[in-house]
Amino acid sequence: MDIFNVVCPACKKKYYADMLLYSLDVELHCPFCDVYFRKEKSPHVFVGGTAASAVVRIPGGLSKEMIYQPKRKK
Ligand SMILES: [Zn+2]
């Protein structure tokens with residue numbers, strides 16, 4: 001099973017979830033503080049799982065514009 005690690009934007013705790021959730025356009029659920037958030041709102045998303053040697057990291061320097069930019073669907 002492929003997993004990814006994500007940091008909750010509310011409580012800042014890291015947990016992992018199934019890659020399926022990452023590929024789908026759904027909100028993620030934090031098991032610690034019970035909040036739902038979009039992965040774009042997370043301060044860190046680590047794709048590749050804890051065991052992978054080459055971890056693809058989205059740099060933490062997400063700007064406010066990136067986070068709050070609404071996704072336009074056509
Ligand atoms: Zn949380």
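Any read-out appearing in this document is the output of simple, stated calculations on the displayed coordinates, not a laboratory observation. Since this is a predicted model, take the numbers as computed values, not measurements. In this analysis, Cβ positions are derived from the backbone assuming ideal geometry, glycine residues included, and neighbour counts consider all displayed protein chains.
Net charge in the neighbourhood of residue 27 (other residues with Cβ under 10 Å of its Cβ; Lys, Arg +1, Asp, Glu -1) is +2. Once both labels are positioned 7 Å from their Cα atoms along Cα-to-Cβ, the gap between residue 47 and residue 24 label points is 1.8 nm.
Can you pull the one-decimal nm distance between simple spin-label points at residue 1 and residue 36, each 7 Å off the Cα toward Cβ? Going from the residue 1 label point to the residue 36 one covers 2.1 nm.
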